[in-house]
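Notes follow the structure.
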Amino acid sequence: IQFVILFNRQGKVRLTKWYSPYAQKERSKVLRELSGLVVSRGPKLCNFVDWRGLKVVYRSFYRRSWCSTAFQSFASLNYYRLIAFNIGCQQEDNELEVLEMVHHFVEILDRYFGSVCELDLIFNFHKAYYILDEILIAGELQESSKKTVARLIAAQDSLVEAVKEQESSISNIIAQATK
């Protein structure tokens, strides 16, 4: 896998992960070209595109209840109803396996966020990157078990909460000592 890119219907990038070196200008060009190519394709067309010597496997998700309950007030806008998941891979790679990786990533995001939406990716991008890093490392599938990924994410969340509690208790001790 060369890259993973998520963008919305307007072509705004919501998540990128590059597994091959690209210069910044080249990255911008890739993002611009791919967003125009994928967003303009009809929903009944094939999910595989040959592009610049690579194979781009994409899946656009249109859902009626795309946003989790935390962002329901924003969910009435169609703007939040499409996220395109794109993976660039070598010509020799199996398209169906890569499409299954996209589906696997979306299922894990859905399990974690409830029903993932664009706003979840905007406000919790660090968690989306962490989930992606648990699934793919160096462009290769690392973990195919949804239960294992969910367990690792829960462990990470508990570590973050423990650190937050520790920081708040330290700041409380400092505040009391300075009174």
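The values are calculated or read from the model by the stated rules, or taken from the named source; none is laboratory data. Just so it is clear, the model here is predicted, and its values are computed rather than measured. Glycine also receives a Cβ, built like all others from the backbone with ideal geometry; neighbour counts cover every protein chain displayed. Side chains are part of the model used for accessible areas, which takes the heavy atoms of the whole protein and leaves out ligands, DNA and RNA. Shrake-Rupley method; radii C 1.70, N 1.55, O 1.52, S 1.80 Å.
Descriptive notes on the structure:
- Listed conditions (1) aliphatic (A, V, I, L, M); (2) farther than 19 Å from residue 97 by Cα; (3) touching a residue at least 12 places away in the same chain (Cβ under 8 Å) are all met by residue 141, apart from (2).
- Scan of segment 3-61 for residues that are free of Cβ contacts under 8 Å to residues at least 40 places away in the same chain and among the charged types (D, E, K, R), ordered by number: 12, 25, 26, 27, 29, 32, 33, 41, 44, 52
- So residue 2, is it within 26 Å of residue 134 (Cα to Cα), at pLDDT 85 or above and buried (at least 16 other Cβ atoms within 10 Å of the Cβ): yes
- Residue count, segment 145-168 (criterion: touching an Asp or Glu at 6+ places or on another chain (Cβ under 9 Å) and under 28 Å from residue 89 (Cα atoms)): 5
- In segment 34-61, the residue that is least open to solvent (accessible area, probe 1.4 Å) out of those that are of a type in the set (Lys, Arg) and assigned to a strand (DSSP E or B) is 55.
- Selection within segment 158-179 - assigned to a loop (DSSP other than H, G, I, E, B) and of a type in the set (Ser, Thr, Tyr): 178
- Within segment 5-19, the residues that satisfy the criterion of being open to solvent by less than 60 Å² (accessible area, probe 1.4 Å) and touching a strand residue (DSSP E or B) at 6+ places or on another chain (Cβ under 7 Å) are 5, 6, 7, 8, 13, 14, 15, 16, 17, 18, 19.
- When 124, 94 are checked against the criterion of being without any contact (Cβ under 8 Å) to a residue 12 or more places away in the chain, under 28 Å from residue 36 (Cα atoms) and surrounded by 15 or more Cβ atoms within 10 Å (Cβ to Cβ), a single residue qualifies: 124.
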